[in-house]
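> Here it is, the structure in full.
The values are calculated or read from the model by the stated rules, or taken from the named source; none is laboratory data. Keep in mind that this is a model prediction, so the values were computed, not measured. Glycine gets a Cβ as well: all are built from the backbone with ideal geometry, and neighbour counts include every protein chain shown.
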Amino acid sequence: MNYTIEEYLLNEYNAASKARKDVSHFILQNGFRSLFKNDKTRMRHNKWAKLILTFRLCMKLMSLKKTDILFIQTSLIVLPPILRIKAIKQFKLIYLIHDLYCLKYNTEKSIRINQKEIRKDMYYMSKCDYVIAHNNLMVEKLKQFGCTSKLIPLGIFDYDCSYPRKRRVLAVNEQIKVTFAGFLGKANFLTKLDQTPHKNYQLFVYGIPKIALRNSIYKGNIDADMLPNVIEGHFGLIWEGEYDANPEDNYMCVNNPHKLSMYIVAGLPIIAWNKSAAARFIETNGIGLTVDTLDEVDKCVKEISPAKYSDMVNNCLAIRERLVHGDYLRNALNMI
């Protein structure tokens, strides 16, 4: 029998809670039964509440048989006790990665300094029978770091959305609107980007906490389930960290951010750093622009014609159909 541990996090208007909820939604659609519901949607659990949840989970895990398969997407904190019970009960384990930050180390020096963290994470990953990684770049990185489990690329995160699709249109001589949605507390580059007005585009910003902007427009904070239906703009921006990304030690090189899926479901072509994993997906599918620095955005959007923009939108909407029906997770499961 195929089982899953459903994961629901406290909704803090961020990608983490939406991503896990959507994976739980789509995995149940693929014939997996709920073994346990790890529901944290109402509160942050204290130490005792977590202990009670862990005890209940362990009791459920002890009921599994050798012929059973368990799908999980939990954190690395919860994974070790699950693996200890797996060693006893001998069920098969599928682990889907959301975040694995040891993969950001790209240089010989950073890998050497952080070898303890890397070995610990790879030890746990290798104890799983199957690991679903974000993309082929992440798969290769896991192999490089010594992961020995069967590795499956997801491609992109599916996105549950019941709203009808929107067709974005760029009129002749219309000023392009570029939108950034995300946790603004880490988006330090926005402050620098906002210092001067841009000749060929206007910047819209969604997220928390609210930040002071002079030349950009803050549009508020919207629940991730509703955001694709209300987000404005012509392009969605994916950028992390400081204004100048560091290709030598950067998580963006292997990570598929959940906002990539959100922009596509919203019908928004995307602008991203050209060395990121997201850029590979964007270029392969013709759904946006990739740039080396944010200084290039002004020039790049100027060269976009209404016809070229329409092609990007069409490509987005084609992928959207796959995302809202959970096709990428289904394909990964079929590979297993």
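> Restricting to the stretch 118-127, what's the tally of residues that are more than 9 Å from residue 147 (Cβ to Cβ) and under 22 Å from the mean Cα position of the chain (by Cα)?
Residues that pass the stated criteria total 2.
> If you don't mind, another one. Name the residues in the stretch 194-219 that are within 19 Å of residue 258 (Cα to Cα), in contact with a strand residue (DSSP E or B) (Cβ under 7 Å, 6 or more places away or on another chain) and either part of a loop (DSSP other than H, G, I, E, B) or at pLDDT below 90 (or both), would you?
The answer is 207, and nothing else.
> Return yes when residue 96 is in contact with a His (Cβ under 7 Å, 6 or more places away or on another chain) and either among the acidic types (Asp, Glu) or outside the structural domain of residue 198 (by TED's automatic domain parsing) (or both) and no when it is not. Walk me through how you get there before you give the answer.
On the way: in contact with a His (Cβ under 7 Å, 6 or more places away or on another chain): no; either among the acidic types (Asp, Glu) or outside the structural domain of residue 198 (by TED's automatic domain parsing) (or both): yes.
Against the criterion (in contact with a His (Cβ under 7 Å, 6 or more places away or on another chain) and either among the acidic types (Asp, Glu) or outside the structural domain of residue 198 (by TED's automatic domain parsing) (or both)), residue 96 does not qualify.
> Same structure again: Of the conditions (1) modelled with pLDDT of 90 or more; (2) exposed (fewer than 15 other Cβ atoms within 10 Å of the Cβ); (3) more than 21 Å from residue 17 (Cβ to Cβ), residue 239 satisfies every one except a single condition; which number is it?
Looking at each condition in turn, residue 239 falls short on (2).
> On the basis of being in contact with a Gly (Cβ under 7 Å, 6 or more places away or on another chain) and surrounded by fewer than 13 Cβ atoms within 10 Å (Cβ to Cβ), does residue 214 make the cut?
On the way: in contact with a Gly (Cβ under 7 Å, 6 or more places away or on another chain): no; surrounded by fewer than 13 Cβ atoms within 10 Å (Cβ to Cβ): yes.
So residue 214 fails the test.
> So residue 176 clears everything in (1) over 30 Å from residue 231 (Cβ atoms); (2) modelled with pLDDT of 95 or more; (3) not acidic (Asp, Glu) except one condition, right? Which one?
Here residue 176 clears every test but (1).
> Name, by its number, the condition in (1) modelled with pLDDT under 90; (2) surrounded by 20 or more Cβ atoms within 10 Å (Cβ to Cβ); (3) under 16 Å from the mean Cα position of the chain (by Cα) that does not hold for residue 26.
(1)
> Just a yes or no: is a residue in the stretch 107-115 within 24 Å of residue 7 (Cβ to Cβ) and either β-branched (Val, Ile, Thr) or in a loop (DSSP other than H, G, I, E, B) (or both)?
Filtering the stretch 107-115 for residues within 24 Å of residue 7 (Cβ to Cβ) gives none.
No: zero hits.
> Related question: Suppose we keep only residues that are touching a residue at least 60 places away in the same chain (Cβ under 8 Å) and within 21 Å of residue 264 (Cβ to Cβ) within the stretch 180-211. Which one would you say is surrounded by the fewest Cβ atoms within 10 Å (Cβ to Cβ)?
Just the residues of the stretch 180-211 that are touching a residue at least 60 places away in the same chain (Cβ under 8 Å), to begin with: 181-183, 189, 193, 198-201, 207-208.
Filter once more, keeping what is within 21 Å of residue 264 (Cβ to Cβ): 181-183, 201, 207.
Numbers: 181: 27, 182: 23, 183: 16, 201: 21, 207: 24.
Ranking the qualifying residues of the stretch 180-211, first place goes to 183.
> Something else about it: Under 8 Å between Cβ atoms, at least 6 apart or on separate chains: pull out the pairs that start in the stretch 279-294 with a residue that is surrounded by fewer than 20 Cβ atoms within 10 Å (Cβ to Cβ) and end on any residue that is in a loop (DSSP other than H, G, I, E, B) and modelled with pLDDT of 95 or more.
Note: pairs meeting the criteria are 280/135.
> Another one. Filter the stretch 128-179 down to residues that are assigned to a helix (DSSP H, G or I) and without any contact (Cβ under 8 Å) to a residue 12 or more places away in the chain and give me whichever is nearest to residue 233 (Cα to Cα). Quick ask: steps written out before the conclusion?
Of the residues in the stretch 128-179, the ones assigned to a helix (DSSP H, G or I) are 136-144.
Next, only the ones that are without any contact (Cβ under 8 Å) to a residue 12 or more places away in the chain stay: 140, 143-144.
Numbers: 140: 35, 143: 39, 144: 39 Å.
Applying the filter and picking the extreme gives 140.
> Would you mind stating whether residue 56 is under 23 Å from the mean Cα position of the chain (by Cα), among the basic types (Lys, Arg) and either part of a loop (DSSP other than H, G, I, E, B) or modelled with pLDDT under 90 (or both)? Reasoning before the result, please.
Values: under 23 Å from the mean Cα position of the chain (by Cα): no; among the basic types (Lys, Arg): yes; either part of a loop (DSSP other than H, G, I, E, B) or modelled with pLDDT under 90 (or both): yes.
Spelling it out, it is not the case that residue 56 is under 23 Å from the mean Cα position of the chain (by Cα), among the basic types (Lys, Arg) and either part of a loop (DSSP other than H, G, I, E, B) or modelled with pLDDT under 90 (or both).
> Any chance the stretch 172-185 includes a residue that's within 20 Å of the chain's Cα centre (by Cα), assigned by TED's automatic domain parsing to the domain that holds residue 70 and under 26 Å from residue 110 (Cβ atoms)?
No: zero hits.
> Can you find even one residue in the stretch 110-125 that is of a type outside the set (A, V, I, L, M, F, W, C) and touching an Asp or Glu at 6+ places or on another chain (Cβ under 9 Å)?
Step one: list which residues in the stretch 110-125 are of a type outside the set (A, V, I, L, M, F, W, C), which gives 110, 112, 114-117, 119-121, 123-124.
Within this subset, residues satisfying the condition of being touching an Asp or Glu at 6+ places or on another chain (Cβ under 9 Å) are 110.
Yes, the stretch 110-125 contains a residue that is of a type outside the set (A, V, I, L, M, F, W, C) and touching an Asp or Glu at 6+ places or on another chain (Cβ under 9 Å).
> Looking at the structure I just gave you, is residue 299 under 18 Å from the mean Cα position of the chain (by Cα), farther than 25 Å from residue 161 by Cα and not aliphatic (A, V, I, L, M)? Quick ask: steps written out before the conclusion?
Details: under 18 Å from the mean Cα position of the chain (by Cα): no; farther than 25 Å from residue 161 by Cα: yes; not aliphatic (A, V, I, L, M): yes.
Criteria not met by residue 299.
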